[in-house]
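Here is the structure we will look at.
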């Protein structure tokens, strides 16, 4: 018997919202232990330099400053290298600095002002070296090896290093591309470029570390993957994981950027030196010069087509700029760019994707890592090809789009392929085929782009308990990143137990309380954690139904849950608390725990089609995005309000990626060092946004047949906008962001060429 108190499908706000807006939510920067000190770093002013010397007298002067409790250089701590997978980053620079902003000296002091005063006393002599600032220059023959000891690092990919500055090479192949090019009537080759995009979360990286009286490391860190941080700390400070506890805190935004350790190792050494807890909070200047933004990329696509538009082959050569280190890469090998051939019937495909060292800021994960870069290139080239063939870009896509029974360009055979249905829905809603409005001084264009992405997998454990007062509590080790999954998990539990979602308590486990949790990211949470909650709830339901049958003689197949009560036809409902009390006694409880493990189902993918409409000012090149349609292949939507929030947020970030957001450099130094200079879109920049949801029959792997949404909506935003600009102006923009200055110069060049 199902619950009559339905929570699934209700558009409800975040259950954790009141704690955030009232200040009750605890972030790492809020952790205020007795005797806590402030940790600060002196950072390199150069993108590439040898450290000739650190003046010891200046270090001693800093240590004597009243209120200073520690000053550490690389010589004061073990020479360990740290990283998420590839361990290539020193905790403090020892002999060389490889980006402007790298940590060289650290202090712990009573407050920020004293810490800054101490850092200002320290004198360091550098010998500047010629930085490598272009990833293509980095892999030229004879280029300076930025990491000559790479082969000795822990966590490097298997196989030989193809160039001294290559941190990894991923390759995917189907068919024979040379044969495919031989079968083509026309071959097109274009190179595309993207730049650094910062995640732009409100809360910067922060951590508190304390070596407690029992010799255990206690840490509070705004990482979405606490078990991985525990492992990374263990490796970097030579302590077993059972001596490290990562305590739960709230996270003030993530978007992929908070899956790492950041300052945790350094906080440990400062705490060990001082015997006191140390809090380290990055300023936003530090975030922009030394965070872990999205990788820039230079991508060359070569595509063969027949005159009728049939694609015969596509080859992609992708070079991702890792920056000075690869420590923030989420994978041991290279996974970026695997979807760049698109959801098309391409019999012959080849992808070679490289991550290379330069002297830029080290890069890490951001929403759908690797996809927004490569899908921009792939989908922008489709429109350039259509233009040369004299075809409508929509028709070129439809001609080649995979449908049921077709293999993807890498040989996957997806089930219930929704690409064409999603495209048709987007076209209808957007008015893509209608006449474009004519506006004085403006050029109007429409552009379309499509992408697909998997539903994530992993491991998650959940526990559900009901006490004799009827209070339902959900336990999870997932940190709250602000995306609303705490609400969705409670909705799932409420659906199964007939309890209002906002009456369910949620307790977050530390790393001491459960064996493992994959963490947040990769479009996995609603699937993996959702299934753990759903199955724990099912187990608890079965226990309570069996108890009711035993106590009252109720038929098990007709016993259900509604509004906090156990019910059966013709029987007086019994509250959950009363049932627990009869079984476990006053003060007792009933509980169930479930660990859900899954591998990614390669047969399932999720489609997204997006259509942009733009006006381009002919005098200035200014782009105004007037309408944006976002169509999604979905299963059951557990929370429509949260689902729409994910769509809106992804589109907004994609708009910034396409038009405004860029870490700008001057000879290797980041110059956009405030949110006033690093321009994320504001509400006046948002167009009319239309969302279309196309429900598939088979649904997805989440409870009740849902699919992922968190990363699906970002990757085709930029190409849709760039394709709309091409449609409006006839100008090909192969580098994003497309600023008005870039577009004006391109339009001027086109006019002169004409």
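The values are calculated or read from the model by the stated rules, or taken from the named source; none is laboratory data. Predicted model only: the values in this text are computed from it and were never measured. Because the Cβ atoms are built from the backbone with ideal geometry, glycine has one as well, and the counts that use them run over all protein chains shown.
Worth pointing out:
- Residue 38 vs. criteria farther than 30 Å from residue 506 by Cβ and crowded, with 22+ Cβ neighbours inside 10 Å: no
- Filter result for residue 749 (assigned to a helix (DSSP H, G or I), free of Cβ contacts under 8 Å to residues at least 60 places away in the same chain and not assigned by TED's automatic domain parsing to the domain that holds residue 527): yes
- Sole residue being surrounded by fewer than 16 Cβ atoms within 10 Å (Cβ to Cβ), touching a residue at least 12 places away in the same chain (Cβ under 8 Å), within 30 Å of residue 482 (Cα to Cα) and in the same structural domain as residue 501 (by TED's automatic domain parsing), chosen from 531, 571, 563: 563
- Exactly one residue out of 388, 395, 434 is in the same structural domain as residue 633 (by TED's automatic domain parsing) and over 24 Å from the mean Cα position of the chain (by Cα), and it is 434.
- Some residue of segment 183-201 being more than 21 Å from the chain's Cα centre (by Cα) and within 30 Å of residue 289 (Cα to Cα): yes
- The test for being under 20 Å from the mean Cα position of the chain (by Cα) and not in a loop (DSSP other than H, G, I, E, B) holds for residue 320.
Table: residues versus (1) over 18 Å from residue 364 (Cα atoms); (2) modelled with pLDDT of 95 or more; (3) not in a loop (DSSP other than H, G, I, E, B).
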| position | (1), (2), (3) |
| --- | --- |
| 228 | no, yes, yes |
| 254 | no, yes, no |
| 259 | no, no, no |
| 266 | yes, yes, yes |
| 269 | yes, yes, yes |
| 272 | yes, yes, yes |
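- Verdict on residue 380 being in a helix (DSSP H, G or I), in contact with a helix residue (DSSP H, G or I) (Cβ under 6 Å, 6 or more places away or on another chain) and surrounded by fewer than 24 Cβ atoms within 10 Å (Cβ to Cβ): no
- Those residues of segment 274-302 which are assigned to a strand (DSSP E or B) and closer than 25 Å to residue 226 by Cβ, in sequence order: 278, 279, 280, 281, 294
- Residues in segment 388-414 that are under 17 Å from residue 184 (Cβ atoms) and in contact with a helix residue (DSSP H, G or I) (Cβ under 9 Å, 6 or more places away or on another chain): 389, 391, 396, 400.
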